[in-house]
């Protein structure tokens with residue numbers, strides 16, 4: 001072989017080794033996520049900061065890697081083909097193609113990519129410095145950007161739109177898998193899911209509805225208000241003037257006790273009222289929590305679209321959406337879902353549909369209602385009576401107990417298979 005041929009062979013080997021390194025870098029970079037890179041940076045790992053920066057816009061680095069892989073593989077194949085054609089002829093070209101196919105698949109793809117999968121952190125950190133340099137090397141960046149622009153012109157939809165590379169659904173699945181692998185506790189998994197649900201929850205879903213509110217007339221005496229607050233177990237109670245739609249303030253038990261100790265037990269509650277905070281029922285609880293922290297209030301009156309009182313919400317109600325039920329020694333624990341001996345369920349009418357869905361293992365519809373009572377009301381299209389029943393998702397909802405116009409208790413049982421096929425078994429809203 002001549003010196004030129006030896007040099008050509010050396011270039012082929014260098015390009016092949018470069019493609020192996022690029023396979024490791026590509027797989028490790030794609031498997032790495034920005035959160036993990038930032039955690040490694042906090043630990044002081046070398047190259048982690050550059051890795052986190054590149055993962056801010058991963059498409060830029062991936063485009064350059066793909067371009068370099070393509071150039072290295074095509075160039076090595078072309079040069080080896082020319083070398084073998086000159087030494088052996090057409091048969092040599094075929095032999096070279098077969099050898100390169102095996103080498104590129106086994107040594108250039110499978111082995112390096114498997115290594116990068118098994119040692120993602122190590123591979124990503126060790127290749128981060130060079131990747132950062134080539135990504136910011138403007139000739140490569142411009143060339144890769146130009147080719148992507150050309151691809152977007154040809155591709156329907158103009159290519160990949162910018163957006164989240166890790167979605168909320170991905171993070172939820174990560175939490176589920178981590179819990180299954182015991183990397184995190186089940187309580188931590190539930191907390192992660194609660195945080196995501198917290199962002200989508202509105203006040204209407206967590207408020208205490210108006211019929212359950214404990215209120216005091218503004219003209220009642222301080223002594224009466226103290227008895228009402230202690231009897232209900234609340235430290236803050238709304239006060240109304242003419243009607244419950246006319247909330248004029250919130251009375252704090254501490255203020256009442258202080259006024260009584262000063263000899264004012266016979267004074268009207270108006271004398272110790274604090275200004276009420278009104279919020280719409282469609283307000284997101286995440287926004288409400290920030291507002292409670294900023295304005296320093298613990299209770300808000302919820303109003304509907306007509307301005308009437310719909311309920312009230314406390315800071316405890318908001319926090320329970322994240323951490324779960326908060327109880328103290330004065331709270332009376334009420335069972336939301338009671339399992340019956342025959343396999344059915346007994347639930348209060350105010351039970352959230354989501355709680356029932358979780359208990360029954362079936363996703364019940366919740367488009368126009370949020371509670372079991374709301375589902376029954378909507379499906380019947382009238383105020384129910386004890387014994388009335390509707391069917392949804394293969395379950396029969398039977399009204400067990402009423403209190404005035406409120407549904408207090410509902411029995412939920414699976415519909416027997418023979419009845420499930422009957423047209424009457426499938427109720428629709430308003431039927």
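Annotations for the structure displayed:
- Looking across 232, 225, 220, one residue alone is without any contact (Cβ under 8 Å) to a residue 40 or more places away in the chain and either surrounded by fewer than 15 Cβ atoms within 10 Å (Cβ to Cβ) or not assigned by TED's automatic domain parsing to the domain that holds residue 370 (or both). It is 232.
- Qualifying residue in region 297-310 (condition: farther than 27 Å from residue 370 by Cβ and assigned by TED's automatic domain parsing to the domain that holds residue 218): no
- Scanning region 341-349 turns up no residue that is in contact with a strand residue (DSSP E or B) (Cβ under 8 Å, 6 or more places away or on another chain), loosely packed, with under 15 Cβ neighbours inside 10 Å and assigned by TED's automatic domain parsing to the domain that holds residue 212.
- Flag if residue 74 is part of a helix (DSSP H, G or I), exposed (fewer than 15 other Cβ atoms within 10 Å of the Cβ) and in the same structural domain as residue 103 (by TED's automatic domain parsing): yes
- All conditions but one from (1) out of contact with any helix residue (DSSP H, G or I) (no Cβ under 8 Å at 6 or more places or on another chain); (2) at pLDDT 90 or above apply to residue 242; the one that does not is (2).
- Residue in region 182-190 that is in contact with a helix residue (DSSP H, G or I) (Cβ under 7 Å, 6 or more places away or on another chain), outside the structural domain of residue 318 (by TED's automatic domain parsing), over 30 Å from residue 311 (Cβ atoms) and in contact (Cβ under 8 Å) with a residue 12 or more places away in the chain present: yes
- Qualifying residue in region 10-24 (condition: within 30 Å of the chain's Cα centre (by Cα), under 20 Å from residue 113 (Cα atoms) and assigned by TED's automatic domain parsing to the domain that holds residue 112): no
- Test: residue 299 is farther than 30 Å from residue 251 by Cα and at pLDDT 85 or above: no
- Every test in (1) without any contact (Cβ under 8 Å) to a residue 40 or more places away in the chain; (2) surrounded by 16 or more Cβ atoms within 10 Å (Cβ to Cβ); (3) assigned to a helix (DSSP H, G or I) is passed by residue 276 save one, and that test is (3).
- Region 366-383, residues that are over 19 Å from residue 352 (Cβ atoms) and crowded, with 17+ Cβ neighbours inside 10 Å: 380
- Considering residues of region 384-427 that are closer than 23 Å to residue 210 by Cβ and in contact with a helix residue (DSSP H, G or I) (Cβ under 8 Å, 6 or more places away or on another chain) only, the residue modelled with the lowest pLDDT: 406
- Options 263, 307, 282; residue that is surrounded by fewer than 17 Cβ atoms within 10 Å (Cβ to Cβ) and within 28 Å of the chain's Cα centre (by Cα): 282
The values are calculated or read from the model by the stated rules, or taken from the named source; none is laboratory data. Everything numeric here is computed off the predicted structure, so don't read it as measured data. Because the Cβ atoms are built from the backbone with ideal geometry, glycine has one as well, and the counts that use them run over all protein chains shown.
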